[in-house]
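All remarks here apply to the structure that follows.
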Amino acid sequence: MPTTATDVNVPAVRSVPLGALSIALLLLASACGGSSRAELSPEGERGRRIANTSGCASCHGSDGTGGVGPQFTGLYGSEVRLSDGSTVVADDAYLRRSITDPEAERVEGYTVTMPVSGLEDDEIEAVLAYIRELEATP
C-alpha cells in the first residue's frame, strides 16, 4: 500500500538564517583545510598572482600544491631528487635555474616538459618569494 507524505514521519525542517549558515560553512572549510592559501608578504602575494596568470599554476596548482608539475608547497629548502638520480637543494639558485632553463635539471617522476616562462627578473624574484613562503602541506 503506498504511503503518503502524512503517513511518513518526517522531521520538521528548521529555518536557519543564511548568515549563520555561511559562517558555519566558512568555519568548517577552514577547519578541514579547505583553504590552503598561506599568509603571504606583499612580494609573495605578487608572486602568487604572477604564477597564476603566467601559466605556472596550470601545472604546479593554483595554490602551489602540484599536479602535472611538482608542488611549490614545502619545496623551498627541501632536497629534490632529479631524473638522473642526483639530488639538489631547492634554493634560490636551483629554482631560478628551473624557471629560466626548465630542462637543465628535470625532477624525478615528472615527464611533462616545462615551457620556458619568459618572466622578467623582477617577476622571477616575486615567484621565488611566493615559493619560499609556502609551507609544507600537513
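Some points to look at:
- Local charge for Glu133 was computed over the other residues whose Cβ lies under 10 Å away, with Lys and Arg +1 and Asp and Glu -1, and equals -2.
- Each peptide in 48-55, 78-85 gets a packing score, the mean of other Cβ atoms within 10 Å over its residues, and the list from highest to lowest is 48-55, 78-85.
Read-outs: derived from the displayed coordinates by stated rules, not from any lab. Keep in mind that this is a model prediction, so the values were computed, not measured. Virtual Cβ from ideal backbone geometry, glycine too; neighbours counted across all protein chains shown.
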